[in-house]
Amino acid sequence: MSDDKSELAKQAQELGKSKASDHIANIVKATLNVVPFVGGSIASLIDDYIPESRQKRIEEFSKNLADEMERLGDSLDANYVKTDEFAYLFTRVYQDVTRDYQQEKLVAYRNILVNALRVEVDASIQERYLYLVEQLTPLHLRVLSAFVSDHRNEAQMAKEPNRMSNSLSQTLKWLLPDLAESQIESCIFDLDQMGITAGVKNTLKTMMTEHGARQLEGRLTGFGRSFLNFISQA
């Protein structure tokens, strides 16, 4: 009986929190509604757009996750799904999905879950990778994608004329033509600080051979390469 009472008390406490949260939300919406011009529209976002957009995002994320898992099939470890480590990672990822709308981050979150079932990586390292994705912006992830030697990057660089010498800064500008140089430099500084790239900020403008300036993947640290592989599609 005491256990039943304890459970009822717990449920009552949670209900009380929910009612308190709803009460606060109603006060905020009522306050916004009296603000001229924009208040009513912002209040309606709380009721309509935000819950709906989150729901759609979770549904789309789940579908993409299922499609990717189906594609990889037997290469995934079905037993690992049943572990506490994966349950924790799964919960953290879905919490992040409710907050982040940027496509670059959603793709990284999906790949983290898939690769956790595909590659044997210590749970603490998986958490570290997830933490980094949470901290990085979509701009960071775009700059980081330039360090992957894939067909897209190779095709882009093939369009550029060969020179006797070049710099890492020029290579990154070729691959990321819509980003300002200052944006690239700021992201590279952060990636260096996080131990993902190896002192690239100090050598961005250094002139070197054309071949050397295009070898971006070699500028990743060992940790950075493992991180990038884990958040990339298998």
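The values are calculated or read from the model by the stated rules, or taken from the named source; none is laboratory data. What you are looking at is a predicted structure, and each value in this text was computed from that prediction instead of being measured. Ideal geometry is used to build each Cβ from the backbone, glycine not excepted, and the neighbour counts take in all protein chains shown.
Listed here are the residues, each with its yes/no results for (1) in contact with a His (Cβ under 9 Å, 6 or more places away or on another chain); (2) of a type outside the set (A, V, I, L, M); (3) not assigned by TED's automatic domain parsing to the domain that holds ARG214.
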| position | (1), (2), (3) |
| --- | --- |
| SER53 | no, yes, yes |
| GLU59 | no, yes, yes |
| SER75 | no, yes, yes |
| LEU106 | no, no, yes |
| VAL114 | no, no, yes |
| TYR131 | no, yes, yes |
| ALA146 | no, no, no |
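Here's the yes/no breakdown for (1) within 30 Å of VAL121 (Cα to Cα); (2) modelled with pLDDT under 85:
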| residue | (1), (2) |
| --- | --- |
| ALA180 | no, no |
| ILE184 | no, no |
| ASN202 | no, no |
| MET207 | no, yes |
| GLY222 | yes, no |
| ASN229 | yes, no |
| ALA234 | yes, yes |
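Output the number of the condition that GLY195 fails; it satisfies all remaining conditions of (1) in a helix (DSSP H, G or I); (2) at pLDDT 90 or above.
Among (1) in a helix (DSSP H, G or I); (2) at pLDDT 90 or above, GLY195 violates only (1).
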